[in-house]
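Trainee: Pasting in a structure now, in structure tokens, and then I'll have a few things to ask.
The values are calculated or read from the model by the stated rules, or taken from the named source; none is laboratory data. Since this is a predicted model, take the numbers as computed values, not measurements. Ideal geometry is used to build each Cβ from the backbone, glycine not excepted, and the neighbour counts take in all protein chains shown.
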């Protein structure tokens, strides 16, 4: 790369605490800011409390409530009260329910170029649109960062995406990342930071860039980042935060480069059931649509809602579908109201909901049986919508509104001229309901409802591990497969014994019961899987709940980054096949023995013998020295208490 550095390398170098910036080497980074959302935050603050640090030690930490907004009983309301009291106790900003989606608000009110942000949500890379190094992680990693500890990761490779040209009418930032997904797939970014550069960058606003970096989480990348330039300065000025701007650009060449001419892109759409199942809208045009949703952390900004409203000034919505709007933040809602566009949406027949994640994580807005749902959301994994056998397509706001008008999947270019609009030079701030950090006061009581259970304790790893393969799964198993979301299960995130009843329930509804039966017999559990195991959400419950049930080994072809880190944090040993063909030799129910596993970890060995019904095979141990110590101790909290 020569003597210069890319944007990502500059931020990494400025925040390096330990290690060497060489690809594949473990490094430790100082974290400036953190964010949590309520579905992961309740556990993160229980973990922070267990660490024993009285106040957060970051420059800025924010607790957002944006997931569990349907208060069908006491559980969600109790969690919100717990989170507010924890924020007051530990010195965080607090954004209450109805205020908006964490990533949208953080972009508006707190994000700063050149800063590091660690968030307990996989779409934290949204901040990369501002020139931040914003990384999603498990709640325990975020709790450690709030306690002033560095964040550890393997030095990523930098993948440069050179943009030229500018987007054509009816084509938007969503289509940029859909094209990248079409080329690289949902595992194409694993081990990389995706960095955007080139003359085409100047044609993209910060809102456009944030859509791209947010949706870039679906590549499996560590994060995505744009330079901080004059567009960045103008955005911060519009938010009344110009003093937070700094210029940050690359002065190095990239080892790997994708060329992408924005002017050649057309409206694209991801078909069921993966974000990388991408085709042009024209290829699927004409399919009848039952539901259209505009929202989520990817596409719920003022820009996105404005293009929808201005289009609906000229057209009526089809009466054969439900058209729903989820504003990204209170600021978005305030500004669309002040500009008169909210009235247009209401007159058109749109259902306008509170600012939050809602249907994106199965919190309401489930589509009808056998119905097609078009969503400006980041994920369409099977059943994530709340409807079994769902047919969810991912698209831009332009495709969404055009399809809602016609009642069938529609290329928006068929509508004729694209509406023109400009965004305000100065936004109404929409920050009135964000609570400032309270001064230090040990008298603040953290309020706990009956659904908030203590953090479980886990035993250290034995010298020799014995267990049984309790489940064998294929490629691209998501955290939704492992630990489902939805209105029924999400409220249990602060209660590990209760939520563990739903582990792998989409694959085997008896899994939790079978694990309990095995535990009574003194048998530990193992999971065998294929490629890209654990892709998707950052939810640490997909590691924590299986560990609670007695799963302590996962043997797969390859892991998604965040899930592998979460497994280590909770004492589950992540092994990969030395020979991927050995996957075929293991059957569900097989007895496993791993002799000397603890010695192999602590001795720095790169492989270990796994006996499968008495037959040996080799498994790879791809872990840092620190990770090996954590696993031997039985998890990160055990290790931290001993260090």
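Trainee: Just give me the residues in the stretch 46-62 being more than 14 Å from residue 141 (Cβ to Cβ), surrounded by 16 or more Cβ atoms within 10 Å (Cβ to Cβ) and either touching a strand residue (DSSP E or B) at 6+ places or on another chain (Cβ under 8 Å) or free of Cβ contacts under 8 Å to residues at least 40 places away in the same chain (or both), in sequence order.
Mentor: Those that are more than 14 Å from residue 141 (Cβ to Cβ), surrounded by 16 or more Cβ atoms within 10 Å (Cβ to Cβ) and either touching a strand residue (DSSP E or B) at 6+ places or on another chain (Cβ under 8 Å) or free of Cβ contacts under 8 Å to residues at least 40 places away in the same chain (or both): 56, 60, 62.
Trainee: For the condition in contact (Cβ under 8 Å) with a residue 60 or more places away in the chain, on the phi < 0 side of the Ramachandran plot and in contact with a strand residue (DSSP E or B) (Cβ under 8 Å, 6 or more places away or on another chain), what is the one hit in 514, 587?
Mentor: After ruling out the rest, the residue left standing is 587.
Trainee: Filter the stretch 63-93 down to the residues that are over 19 Å from residue 449 (Cα atoms) and surrounded by fewer than 24 Cβ atoms within 10 Å (Cβ to Cβ), then identify the one that is farthest from the chain's Cα centre (by Cα).
Mentor: Filtering the stretch 63-93 for residues that are over 19 Å from residue 449 (Cα atoms) and surrounded by fewer than 24 Cβ atoms within 10 Å (Cβ to Cβ), the one farthest from the chain's Cα centre (by Cα) comes out as 91.
Trainee: Only one of 607, 624 is over 27 Å from the mean Cα position of the chain (by Cα) and farther than 15 Å from residue 475 by Cα; which?
Mentor: 607 is the lone residue from the list that is over 27 Å from the mean Cα position of the chain (by Cα) and farther than 15 Å from residue 475 by Cα.
Trainee: Looking only at helices (runs of 4 or more DSSP H) that fall completely inside the stretch 547-643, which ones have 1 or more residues that are surrounded by fewer than 14 Cβ atoms within 10 Å (Cβ to Cβ)?
Mentor: 597-602, 625-633, 636-641
Trainee: Farther than 23 Å from residue 150 by Cα and either more than 27 Å from the chain's Cα centre (by Cα) or not assigned by TED's automatic domain parsing to the domain that holds residue 138 (or both): is that true of residue 572 in this structure?
Mentor: no
Trainee: Do the conditions hold for residue 233, that is, is it without any contact (Cβ under 8 Å) to a residue 40 or more places away in the chain, more than 26 Å from the chain's Cα centre (by Cα) and either at positive phi or not assigned by TED's automatic domain parsing to the domain that holds residue 360 (or both)?
Mentor: Criteria met by residue 233.
Trainee: Picking from 263, 300, which residue would you name as being in contact with a helix residue (DSSP H, G or I) (Cβ under 7 Å, 6 or more places away or on another chain), at pLDDT 95 or above and closer than 22 Å to residue 196 by Cβ?
Mentor: Within the list 263, 300, the selection yields 300.
Trainee: Output the residue which, of all residues in the stretch 114-148 that are part of a loop (DSSP other than H, G, I, E, B) and buried (at least 24 other Cβ atoms within 10 Å of the Cβ), is farthest from the chain's Cα centre (by Cα).
Mentor: 131
Yes/no matrix, rows are residues, columns are (1) closer than 29 Å to residue 75 by Cα; (2) touching a helix residue (DSSP H, G or I) at 6+ places or on another chain (Cβ under 7 Å):
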| position | (1), (2) |
| --- | --- |
| 388 | yes, no |
| 394 | no, no |
| 408 | no, no |
| 447 | yes, yes |
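Trainee: In the list 484, 491, 429, which residue meets the criterion of being surrounded by 16 or more Cβ atoms within 10 Å (Cβ to Cβ), touching a helix residue (DSSP H, G or I) at 6+ places or on another chain (Cβ under 9 Å) and closer than 30 Å to residue 239 by Cβ?
Mentor: It is 429.
Each row is one residue, and each column tells you yes or no for (1) part of a loop (DSSP other than H, G, I, E, B); (2) touching a residue at least 40 places away in the same chain (Cβ under 8 Å); (3) closer than 19 Å to residue 568 by Cα.
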position: 501; (1), (2), (3): no, no, no
position: 527; (1), (2), (3): no, yes, yes
position: 530; (1), (2), (3): yes, yes, yes
position: 537; (1), (2), (3): yes, yes, yes
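Trainee: Among the candidates 138, 189, 129, which residue alone is under 20 Å from residue 265 (Cβ atoms) and in contact (Cβ under 8 Å) with a residue 60 or more places away in the chain?
Mentor: When all the criteria are applied, what remains is 129.
Trainee: Tell me the residue from 92, 60, 83 that is modelled with pLDDT of 95 or more, touching a helix residue (DSSP H, G or I) at 6+ places or on another chain (Cβ under 7 Å) and not assigned by TED's automatic domain parsing to the domain that holds residue 540, please.
Mentor: The conditions single out 83.
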